[in-house]
Each structure stands twice: as C-alpha cells, then as structure tokens.
1. Scan segment 450-473 and give yes if some residue there is assigned to a loop (DSSP other than H, G, I, E, B) and within 28 Å of A272 (Cβ to Cβ), otherwise no.
2. For residues in segment 474-497 being assigned to a helix (DSSP H, G or I) and either at pLDDT 90 or above or within 19 Å of V361 (Cβ to Cβ) (or both), which is nearest to the chain's Cα centre (by Cα)?
3. Restricting the search to segment 161-183, which residues are of a type outside the set (S, T, Y), out of contact with any Ser or Thr (no Cβ under 8 Å at 6 or more places or on another chain) and part of a loop (DSSP other than H, G, I, E, B)?
4. Which of the numbered conditions does T208 fail, given that it passes all the others? Conditions: (1) modelled with pLDDT under 90; (2) over 30 Å from V30 (Cα atoms).
5. Tally up the residues in segment 337-353 that are farther than 21 Å from P513 by Cβ and assigned to a helix (DSSP H, G or I), please.
6. If P293 satisfies all but one of (1) closer than 28 Å to R327 by Cα; (2) touching a residue at least 60 places away in the same chain (Cβ under 8 Å); (3) out of contact with any His (no Cβ under 6 Å at 6 or more places or on another chain), what's the number of the condition it fails?
7. Suppose we keep only residues that are closer than 14 Å to C120 by Cα and surrounded by fewer than 18 Cβ atoms within 10 Å (Cβ to Cβ) within segment 149-177. Which one would you say is modelled with the lowest pLDDT?
8. Among the listed residues D480, D452, D491, identify the single one that is in contact (Cβ under 8 Å) with a residue 40 or more places away in the chain, among the acidic types (D, E) and over 30 Å from R381 (Cβ atoms).
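The values are calculated or read from the model by the stated rules, or taken from the named source; none is laboratory data. If you're wondering where the values come from, they're calculated on a predicted model, not measured in any experiment. Backbone-built Cβ (ideal geometry, glycine too); neighbour counts: all protein chains shown.
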Amino acid sequence: MSASALEPPLPAEPLLPGLTATAAAAVDPVQPLRTDVACFAGRTRRGPVATPVRVTDWAAYTAAFGGLDAALDLPYAVRGFFANGGTALWVLRTEPAGTTAATAAWPAGAPSPFAPAAGCRIDAVSPGGWADGTRVTVRHRLTGSAGHPQVLVRVDAPGESPESFGWLRPTELPDAVAAVSRLIRLIPDGPAPTGRAPGAHAGTHTATLGGGTPAPGSPDDTGTLADAYADAVRAMVELPEPALLSLPDLDRGGVGKTHRDELADLLIEGCADALDRLALLDPPLTGARTSDPAAATRQVTGWMEALRRRHDIPRLQACAVHWPPLRVPDPLATALPALRTVPASGHVAGVAARLDRERGVFATPANASLEDVVDLAHVLRSDQEVSVYGSGANLLRCPPGRGPLVWGGRTAVPQSQAQGVGDGWFIAHRRLVHRLVRAAREVAGPLLFEPDTPGLRLLLVQGLTEVLLGLFEAGALAGDRPAEAFRVRCDEGLNPPERAALGQVVCQVEVAPAAPMEFIAIRLLMGGRDRLEVVEG
C-alpha cells in the first residue's frame, strides 16, 4: 500500500498562520514475522466469498461477515478466539460454486437513483440466502429542504441491525449506500421503463429481496463446497501472516463425512510444507453427541489412530488436536440451558495468540484458562484421560475451582512414537521453529538476487544473529551466553566452489531452546532459479 493511501492530503496553503492538524485512521499493517495471527476458513452468515479478510475484533468480524448463526460453528470459533485474547484473525468464507445473491427490483413509484438513464435493482452485498426476506422501504417526498425531491431508504434484513439513508437526492443514493451499507448495493439495471420518472410519486414504497442461495449451513451434494474448502486451505497456507490455521466448522459446514478428513489432511500437508504455521484440528463432533464419555473416548482415539496412519511424524508435528469439545453460551438457543457444543480450535487459537504476545512464541499454550466457556462436552475418568493423551490429542480439563483449562501442549505425535524425535512433539518447539523460519526468510528475502560474495554472507550472518539475540534476551534460548544458545554459519565448509558454481548460498542456524530439547537446525538455501528454500534439520 502506498503512503498516499495511508495519509490524508495536506491543504495546499494554510488559511491562517499556525499549526495545521489532520486526523488519519490507524492502520494495522500485515506483519509476516508475527506468530500470534490466526486464519479460519468456513461458512459465515454473509460476506465476501473466497476473499481473505483481516479482522481485529468481534465487531469488525460481524461488520464484514454477520454475527452468530445457529447453523454454523465458525462464528462461535471467531468469538472464542477474540474472547481468549486473540487480536488479529484472517477469515475465508467458503460457499458452493454457483451461490447467488438475493435481489429485488427498485420499488415502482419511487424515483430511480439512475433515472432517466437506467432502471435500478437492489442486490444483497454478498451471495447466499442470508438476505432473503430483506425489506427495503423507500420514502419519497417531492420537495425537500433544498427544494429538490428527496428519498429516505431503510433496510431491514433478518438477523441484522437496520440501516437507513436519507434524506438524499435519488442520484446521491448509490454512492451513499456503497460507502456505508453492510447489506445492499444499488445497481443500474438497463434502460428505465417509459414514464418511470414522471410516474414517481410521494409516499412509501417497498421491495423484498429474494432468490439468494444457499441458506447458511445447508449441505451441498454436488461436491463443489468441498472444492471451495480445498481452495480456501490452499489460500490459507499461502497467506504470509497467519501462523495458526483452523477449519472449525467441518462438521456443520455441509462438506460431509467423505471430504472431512481429506480437507484436514490437506491442511496438515500445507502447514508441514510451509514450515512456519500450525494446523489446529478438531475431531468429529459425533463423539460429542453421545452422553457416554467412554464411547466418545473410543471415537476420538480411533480418529487419532486413523490420522496417525495417514501421516508420518514430520506431518504430525505440523498439527495439534484438542479435545473434548466446549460448551459455550449461546444467545440463539431456544431452550435452557442456553449452551452450544462447539469445537475447541478457535478458543485454543486465542489462548495461543495471547500467550505468544505475553510471554513469547516459545511459551507452551498449556495450563491456561479458557474464556467464554461454561463447561466441557465430556467429563472423563482418569483412565479415559490417559487413553486420549496417549493417542496424541491434548486434553481440555475442568478441575474443581479452576474452570476449563487447556491441559496439554503437544503436537499430534503420540507419546509412543515420540522416542527418537527429540522434543519435537511439543507445540512450543514447533512454534519456535516457525518463528525462526519466518525470521530467516525476512532476513534473506531482500538478499535473494545479490551475487555470492563475502559481503553477502556477512549480511546474512549479521541479520540472523540480531534476530537470535532478541530471542535469547527474551528467554527463549538456553545458555548463559549467546554463544551457548545459538550458532550461525555461512562459511566455505557449507559453500564449496561446486555449490557456488550452481549459484547457491547455504546458511545454517542452530539454536538451543530454553526447554530441555535438542538443538534445532535450520538451513537456508539461496539461489537455484532465484528462490529461497528453508529446510529443517
């Protein structure tokens, strides 16, 4: 974004000598080095489809995507993310191909905003059945305060706060609606019928929108919704800023059981290949619908076993699972208790984001309280907790006097397979790797097209050393001195003449985390078709 887009223009000449003050809205820039930013994909009430939108609080989310919806889980996950301390979230709305927006003709008798050149229609601002039944009321008076005809428009959409615009000249309406309305747009719709402008008369005129499909949360039997989810997962992995990725509505979103695991696998693979983000997975909610904790435990451990069979250890290290589901307040409930069972990933992402900012990315998101949570879907016996823990899922617990807590901080690598992989099964370990990878890319990216010289290697070493010193001073690394905490190498041993002949430069970073873990080694490879590769190990 250019500076001119962020700063208001100054007056060409001050009207009087003295100080000129201008006000500009604060801009929260995208920061790829952050690791507390999350991204959720799924179905929302409304909003742009297949377009990532960055929101920084619940109010911003509802303005862009609408509020809670009884058919959807993603809005509850977003609310839980912000309630638990998250401050920045990307949202990707998914809908089946061919989704249409509700529409209606401008009411007869009201002066067209585009008359006499064109007729007018009223379109919902985004596709889906959320706007069906929206009532647009137009009040028209022939002579307003300035002696011109004026109109006032009121928009009443189901489940949304009313909007109104006026009193304005009819031709001023399209721009006013486009600038302010969260619900509708006024669109030219061909030539105006003969006599429309003369036929306009004072009074109240109404139009009702319809034809939007599908309704929020409705299933899609053609498979196009699963395709839309797959596209959203690929887009999530490509976004430079998010480091915590989740698909919190796979059960109620309508993709069906057949595609559910395929989409989870796609998210895991994307996070593992990127090396700088973590997938937060939710087991199927089918286990939450049984009143028998033993049966629910068997279902989730079976799901974890199937996940383990599909992925090797490096991919299991790129994801984490938290269970049981949560019981959260539900203002849309029609019966007591006014609670809803939701997947845990949205709330856990908020906890991880908060601890990231308060303590650092190396802080394990465990033994931390969960806000906006009343209870857990299941209270497990100790033997059932052992079974879930051994499967590789992190427990959520509700100890007496404490309230709901995140009780585990491990990746999906099961305890039985953790031997031989060091401590790479801790979330804190993985997220420290993510922070280092992002820092390495930030340092090396601007140097990508530079020739291989001693000066280039020195710049790489200096840039990475500065980042690692910051982590050491924050307590993320072990040792009494920086030399005991990390090493950065970019020497002749890593860059023999034959590698230089290929146009490649290798820089290796080794760090010792503060927790008792093995050294982490990250290798940067620059060159080879002008690219930067980061390899762990």
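1. Scanning segment 450-473, I find no residue that is assigned to a loop (DSSP other than H, G, I, E, B) and within 28 Å of A272 (Cβ to Cβ), so the answer is no.
2. Among those that are assigned to a helix (DSSP H, G or I) and either at pLDDT 90 or above or within 19 Å of V361 (Cβ to Cβ) (or both), it is A485.
3. P162, R169, R182
4. It fails just one condition, (1).
5. 6
6. P293 satisfies all of (1) closer than 28 Å to R327 by Cα; (2) touching a residue at least 60 places away in the same chain (Cβ under 8 Å); (3) out of contact with any His (no Cβ under 6 Å at 6 or more places or on another chain) except (3).
7. T171
8. One residue alone meets the criteria, D452.
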